[in-house]
Amino acid sequence: MSQELPIITVVDDDDSVRRALSRLLSASGYTVRTFASARELLADPSPDPDSPGCLLLDVRMPELDGLELQSILKGAGTGTAVVFMTGHGDVQTGVKAMKSGAVDFLLKPFSDEELLDAVNRALALDAETRAERRDLNELTRRAAKLTPREREVGALVVTGRLNKQIAAALGTSEKTIKVHRARVMAKMRATSLADLVRMMEYLDRVRAVGSPGGSASPPPGGFSGDLRATV
Amino acid sequence: MTARHAAHFGVGTTELSAGAERVQRRLPTIHAAFAIFIAYYIGAKIGFVLTPSPTPVSTLWPPNAILLGVLLVARTRAWPVVLLSAFLAHLTIELQSGIPLGMVLGWFVSNAAEALIGAALMRRVIEPPVRFDAVRHVGAFIICAVLIAPFLSSFLDAAFVALNDWSEQGYWEVWSARFFSNVIAILMIVPPIIVWGTGGATERRPFSFARALEATLLVTALLYVCTVVFAAGLWRSEMNPAWLYAPLPLLLWAAVRFGPAGTSMCLLIFALTSIWGAIHGRGPFTDGAMAQRVLSLQLFLIVIAVPLLALTAVVRELSRAGASARNVAGKLNLTLTAAKIFSWDWDVGRNRATWAGCARLFGLDGDEGEITLDRYFELVAPDDRRAVEASITRCIDFDEPLEMEYRVTQPDGSERWALTKGSPVRGRTGRVVHLIGVTVDITDRRMVEALAQEEVLLRESEARLRELADAMPQIVYAADASGEIDYFNRQWYAITDCAPAAAAHEGWAAMIHPADRTACVDAWHESVTLGRPYEHEGRFWSAGTRSYRWHLTRALPVRDESGAIVRWYGTATDIDDQKHIERELRIKEAELLASSGQLERRVADRTRELSAANRTLRDEIRIRHRTEKALRASEERFAQAFRASPDAIAITRHADGRIIEVNERWEELFESRRDDAIGKTLDELHMFADPRERRRIVQAMGSHGFIKDLEVSLCSCKGTEIRGVVSAERVEMAGERCVVATVRDITARRRAEHEIEVQRRELAHLGRVALLGELSGALAHELNQPLTAILANARAAQRMMLRDPLDTAELRAIMDDIVADDRRAGAVISRVRGLIRKGEAEPQLIVSNDVVGDVLDLTRSDLIQRGVTIETRLSASLPLVYADRVQMQQVVLNLMVNACEAMATMPLAERTLLIATDRVGDGVEITVTDRGVGIPGPSLESVFEPFVTSKPHGLGLGLAICRSIVDSMDGRMWATNNEDRGATFHVRLPAAPSAIPALSGMTA
């Protein structure tokens, strides 16, 4: 993991606003890059999408507005932490923005505290999201190693069934089950049953939701074992 | 016989007495001729019988006498026939006797001559009819017929005899024989013929048996005596010749008692018998030769007959005289009685009076009597006695005729008037011994006189009344009970120039106008029939004005005690002027109310209702009252219309400008009671708050004489401001020049208009606000951008200033940006403020392109948000427009917003908006063209109507407001659809100098 300096990307069609914001963020110690329009951003050979940072987007823009940009980036898998700003006080737009996963929806004019607060939250979210992804990748890698039988067993194990019952359900012996169970535990590097359960559930949730985050966020407390360690 | 044939001669009635008239009839002459033929024939035969044998001449020759008698009785025209017939008879007779023709003819000639002479002479002397009861007639007869005729004809006769040598006697012998023969014949035969031919006795006496007996006795006695004396042959020559006169007493008896008829008959008998006796040798006349005997007999007869005829005539005359005297006396008595007169003869000495006549006045009955003077005086009314006595005394003493009128007391106590006239009769001594005279009952006369006097007075009164009737200015007429008008006063004739005779028998109806004639006449008939007073209006011909004039005719019946109508009296008064007055009044009324349409209609209705009947009664006061009443009634209606008018009306006197009359609406509008307003001038009521308004009105009135629909500001008496439309006109009312002014209150209307204007401005403002509302997002955005930049820049600057060293260049850049951003924000705000301003329109000279620019600035972010691309095509050489800047911005803004919304459904690439300005004519045209959905054809106009919108949440007022704004700028706004897609809105405004937009009139 490269510890890069997070970059704040500002997109606003108003020149003076863009300039002012750039100045402010720079003066606050952030690295800023600005674009006059969404198109410019997309055209830009952007740095590694994995590089940390957040987006500061103006909602109302000609041609491609902020929300559309966000959805494009989300589709591309890059723009996770977005802070919207707008000159209109439009509730509808705000709700839409928040629903699409924006960190904040700032109403112009906003104070620098508000801005920096939102930016920090966005960066934190961005980092978190990254970490989550890493974790998910790790877990997924680990889960991929499981054989189908192990998957079956694992699924049953996490329901709290006794080995005896699982054996009966699957039609094998309890011993085999125990072996499978141990293998699953080992592959998944779960320290306890509860841990395993949590992992499985997480994976399930992610699969169901389609992406990490939200309801598919890892359980509070995370998983025992340092997923990062395996990265 | 003779009488019969005389009757057959058809003698004219005028020639005979009244008695004879009855008997005479016109008979065919042939009968008469035949009768005389027979009579002549028979007479001749008798004559032959009476001819003593030796002599050729008859003692009594009837034919001549018969002829003479008939000629006397017959009409002169019949004489030729008579003669002819006699001639034929004569011929027959004489020829029978074998007498030569010459002789026969000769004898006829002499006979006829005798008869003719006698008859002619008689005719000459005596007017027919011949009467034997008149001495004169008898005398004439004796002389003419008895003596002269035979005398003359005997000459002829003797001549013929001598000529024919008929007789051996000498001429004179023949002559005398003939003479006497004819005399006797005429004397004896003609009287009977005439007396019986003229209808018998000329005296009519009723048949009495005694008289008939007496006559019979007489005739019988005479016959006897005559026969005895003359015919019986008892006469002896020794007898006393006095026996000759034995028949005389009887003849006298006949003469005295039986008149000419009896006398002549008796004489005839006497004659016939004596002649017969003499001829046959009997009687006293037997001595001597036949001729001598005959002669003496003839003489005897003549001597007896003539006096007797005379006597009978005298006796008759005396008797007639006596009868006539008695008649006269009787008539006198009748007259006296009828005239209530009696004559009196007062013996002065004996104080007694005899009277004759009718003295019922004095209570005396009968035809005559006596009365004492005392009784007389008793009967005289006490008051008059002294005067009567004095008159009588004066008459006696002074030999004056007596004449006095006095009253007589009647038995029943009433009084009658008597007139006494008399004269004194003096005796031998010269003293008055008698007073004779007559007394007349003159009560009636006096009554008649009194009546006559009354009548005179009546006539005078009538004449005065007639004068009065003639003097009256009205037509006066009178009719009898049947309605036949028999009197018209002078006015009638003067007015209608009707001929006096032409008015009778409903000829007066010709004087009435043909249209009214039937109604008038029928109404008159009805009144007369029903006995109702007559009252009718009709047009009479007025000769003076040569036109028909309206008259009111009234008539009343006059009844007698029984209630029956005896007369009608009527008058007709000229009411033509009144009618004209009414008509003119009507015209004046219509003129007066010409200023108000509604009023005119109502007054026309009322005027039609105005009754046309003006009744004139006998005196002029009632006529005037009626006229006044009608005027008042029409005044009343006019007043009602005046009062009830929805507009305020005031009538002022032109002379001093004081109010004469106001209606109720005026009172309401000007908040002043009528009583307070009347008599004051308009200035005193402070109606003109603004002296300029007053001047305007006065000028308008002065220059034209009327005001029509002039809008002015007035003030009510309580100070309320009134905006009104004034119309005023000069009129003449009741001889005064007045001004009638109507004020239609439009205060409310103006206020409403002002309200509307205010509302419109409000609405425009709200429209703007709504527009702004729609743009609010964009506007907010527009403000927020600079604000955000300013804040961020400032905060950045603050952080930068903590660093060391300071980056001044950067800081300077920051400050510049801040200032610029601030200005930017300020501009937006001021624009918004401008739009929000709710003020009145402040028109100014505007560059249209600038307005477009302003609006574009305002909407930039909105356009971005909508994704609309703007294209402008602004003409460089546009005239200035005189308009309110904000309102123009509002219009362009609205059109742009609408255009954006129209394109909302289009794909982004298609959303282009074109704004163009062009010079068109001498004005400016701004067009906003979109490429949206366009406007449906029928809605191209209706989109400008309020509440027409395609937006689900819109009110649809935007375009309506814009249009009203454009209209108020004297411009036009319309929409068209583009050929390919979308719509174009056009706004055309006039160029500034000649375009002053119309402002609303309310200056308050």
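The values are calculated or read from the model by the stated rules, or taken from the named source; none is laboratory data. Please read these numbers as outputs of a predicted model, since none were measured by experiment. Positions of Cβ are generated from backbone atoms using ideal geometry, with glycine treated the same way; all protein chains shown enter the neighbour counts.
Worth pointing out:
- Here A:T129 clears all of (1) within 14 Å of chain B (Cβ to nearest Cβ); (2) in contact (Cβ under 8 Å) with a residue 60 or more places away in the chain; (3) among the hydroxyl-bearing types (S, T, Y) except the condition numbered (1).
- Sole residue being crowded, with 20+ Cβ neighbours inside 10 Å and either aromatic (F, W, Y) or modelled with pLDDT of 80 or more (or both), chosen from B:P691, B:P786: B:P786
- Count of residues meeting criterion [hydrophobic (A, V, I, L, M, F, W, C), more than 8 Å from chain A (Cβ to nearest Cβ) and surrounded by 14 or more Cβ atoms within 10 Å (Cβ to Cβ)] in the stretch B:816-833: 5
- Matching entry among A:G154, A:G94 (being part of a helix (DSSP H, G or I) and either over 24 Å from A:V209 (Cα atoms) or within 14 Å of chain B (Cβ to nearest Cβ) (or both)): A:G94
- A search for C-beta distances below 8 Å between a residue of the stretch B:446-466 that is within 16 Å of B:N489 (Cβ to Cβ) and any residue that is modelled with pLDDT of 85 or more and outside any helix (DSSP H, G or I), counting only pairs 6+ apart in sequence or on different chains, returns B:R466/B:N489.
- Subset of the stretch A:5-35 [closer than 11 Å to B:N793 by Cα and facing another protein chain (nearest Cβ under 7 Å)]: A:S16, A:V17, A:R19, A:A20, A:L21, A:R23, A:L24, A:A27
- Across the stretch A:164-183, a minimum of one residue is classified as exposed (fewer than 14 other Cβ atoms within 10 Å of the Cβ), out of contact with any His (no Cβ under 8 Å at 6 or more places or on another chain), among the hydrophobic types (A, V, I, L, M, F, W, C) and at pLDDT 85 or above.
- Some residue of the stretch A:159-174 being free of Cβ contacts under 8 Å to residues at least 40 places away in the same chain, more than 14 Å from chain B (Cβ to nearest Cβ) and under 27 Å from the mean Cα position of the chain (by Cα): no
- Scanning the stretch A:106-126 for residues that are touching a residue at least 24 places away in the same chain (Cβ under 8 Å), of a type outside the set (D, E) and within 14 Å of another protein chain (Cβ to nearest Cβ) yields A:K108, A:F110, A:L115, A:L116, A:A118, A:V119.
- A:A122 in contact with a helix residue (DSSP H, G or I) (Cβ under 8 Å, 6 or more places away or on another chain), at pLDDT 80 or above and aliphatic (A, V, I, L, M): no
- For the stretch A:107-119, filtered to residues that are of a type outside the set (D, E) and in contact with a helix residue (DSSP H, G or I) (Cβ under 9 Å, 6 or more places away or on another chain), the residue that is surrounded by the fewest Cβ atoms within 10 Å (Cβ to Cβ) is A:S111.
- Filter pass, A:L56 being surrounded by 24 or more Cβ atoms within 10 Å (Cβ to Cβ), assigned to a strand (DSSP E or B), at pLDDT 85 or above and within 12 Å of chain B (Cβ to nearest Cβ): yes
- Remark: B:L147 falls outside the filter, which requires a residue to be over 28 Å from B:F300 (Cα atoms) and either outside any helix (DSSP H, G or I) or of a type in the set (A, V, I, L, M, F, W, C) (or both).
- Among the residues of the stretch B:744-797, those that are among the hydrophobic types (A, V, I, L, M, F, W, C), more than 30 Å from B:G724 (Cβ to Cβ) and more than 7 Å from chain A (Cβ to nearest Cβ) comprise B:L766, B:V769, B:A770, B:L771, B:L772, B:L775, B:A778, B:L779, B:L783, B:I790, B:A794, B:A797.
- Considered as a group, the residues in the stretch B:152-199 that are over 21 Å from B:R293 (Cβ atoms) and hydroxyl-bearing (S, T, Y) include one that is modelled with the highest pLDDT, and that residue is B:S153.
- Residues within the stretch B:228-273 that are touching a Phe, Trp or Tyr at 6+ places or on another chain (Cβ under 6 Å) and closer than 25 Å to B:G197 by Cα, tallied: 2
- Residue in the stretch B:377-399 that is of a type in the set (D, E, K, R), at pLDDT below 85, farther than 27 Å from B:T337 by Cβ and out of contact with any Asp or Glu (no Cβ under 9 Å at 6 or more places or on another chain) present: yes
- Qualifying residue in the stretch B:568-583 (condition: out of contact with any Ser or Thr (no Cβ under 6 Å at 6 or more places or on another chain), more than 30 Å from B:R532 (Cβ to Cβ) and surrounded by 15 or more Cβ atoms within 10 Å (Cβ to Cβ)): no
- Residue check, A:E40 within 14 Å of chain B (Cβ to nearest Cβ) and either under 28 Å from B:G773 (Cα atoms) or assigned to a helix (DSSP H, G or I) (or both): no
- The set of residues from the stretch B:712-731 being of a type outside the set (A, V, I, L, M, F, W, C) and in contact (Cβ under 8 Å) with a residue 40 or more places away in the chain comprises B:S716, B:K718, B:T720, B:E721, B:G724, B:S727, B:E729, B:R730.
- With respect to the conditions (1) closer than 20 Å to B:T681 by Cβ; (2) touching a residue at least 40 places away in the same chain (Cβ under 8 Å); (3) assigned to a loop (DSSP other than H, G, I, E, B), B:D656 lacks only one, and its number is (2).
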